[in-house]
Amino acid sequence: AMRHLPYFCRGEVVKGFGRGSKELGIPTANFSEQVVESFPSDISTGIYYGWACVGNGDVHKMVLSIGWNPFYKNIKKSVETHIIHTFKEDFYGEVLSIVITGYIRQEKNFDSLEELISAIQEDIEEAKRQLDLPEHLKLKEDNFFHLPEGKIVNHH
Ligand code: ADP
Ligand code: MG
């Protein structure tokens, strides 16, 4: 699962398939199918952590799930980022930049909503702890987050 890490990715936040993540208090910003297709095809499904930034905003801790997309009868993956920060407003249509730095666990099935929520809370705590370690913390300052998109493709 660690083979492709750190993994940098940037893309537009699109509408998900309304699994009610926000109602659980854990909204997940979904990447478009096109962005998901650009991921290495052999990247493991499961729960990861790393850093995320919306537009030119601050860089925050995040947890991320790479899972099977029920909308496409589970033949395509979905990539969803929960940013560990409280935003004033939704940010559909904005550009989300992430770097995935570590892996937590495989996808699991839960017997109840309570168990699912508490597992996610544990993932969030684990992500927060790991991301404070120097090897993960250093990626928060990566130029990837500071250079505007246009400047990366243009020569300067
Ligand atoms: P959807 O099914 O459309 O992805 P969600 O219930 O998962 O709906 O909510 C995701 C949306 O919530 C994101 O696209 C974003 O606009 C908004 N949002 C607000 N706060 C956060 C956050 N901390 N992390 C991720 N998304 C957030
Ligand atoms: Mg979502």
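The values are calculated or read from the model by the stated rules, or taken from the named source; none is laboratory data. Every value quoted in this text rests on a predicted model; they were computed, and no experiment measured them. FYI the Cβ positions are ideal-geometry reconstructions off the backbone, even for glycines, and counts take in every protein chain you see.
One residue stands out among those in the stretch 93-104 that are surrounded by fewer than 20 Cβ atoms within 10 Å (Cβ to Cβ) and among the hydrophobic types (A, V, I, L, M, F, W, C): the one that is nearest to Asp132 (Cα to Cα), which is Ile104.
Scanning the stretch 84-134 for residues that are of a type in the set (Ser, Thr, Tyr) and either touching a residue at least 12 places away in the same chain (Cβ under 8 Å) or in contact with a strand residue (DSSP E or B) (Cβ under 8 Å, 6 or more places away or on another chain) (or both) gives Tyr92, Ser97, Thr101, Tyr103.
Listed here are the residues, each with its yes/no results for (1) of a type in the set (Asp, Glu); (2) surrounded by 13 or more Cβ atoms within 10 Å (Cβ to Cβ); (3) within 11 Å of the chain's Cα centre (by Cα); (4) closer than 26 Å to His4 by Cα.
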{"residue": "Lys77", "(1), (2), (3), (4)": "no, yes, no, yes"}
{"residue": "Thr81", "(1), (2), (3), (4)": "no, yes, yes, yes"}
{"residue": "Ile84", "(1), (2), (3), (4)": "no, yes, yes, yes"}
{"residue": "Lys88", "(1), (2), (3), (4)": "no, no, no, no"}
{"residue": "Phe91", "(1), (2), (3), (4)": "no, yes, no, no"}
{"residue": "Gln106", "(1), (2), (3), (4)": "no, no, no, yes"}
{"residue": "Asp111", "(1), (2), (3), (4)": "yes, no, no, no"}
{"residue": "Gln121", "(1), (2), (3), (4)": "no, no, no, yes"}
{"residue": "Glu126", "(1), (2), (3), (4)": "yes, yes, no, yes"}
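Counting only residues that are hydroxyl-bearing (Ser, Thr, Tyr) and either more than 11 Å from Ile98 (Cα to Cα) or surrounded by fewer than 22 Cβ atoms within 10 Å (Cβ to Cβ) (or both), the stretch 47-67 holds 2 of them. Against the definition (of a type in the set (A, V, I, L, M, F, W, C), at pLDDT below 95 and in a loop (DSSP other than H, G, I, E, B)), how does Ile117 come out, yes or no? When the stated conditions are applied, Ile117 does not pass them.
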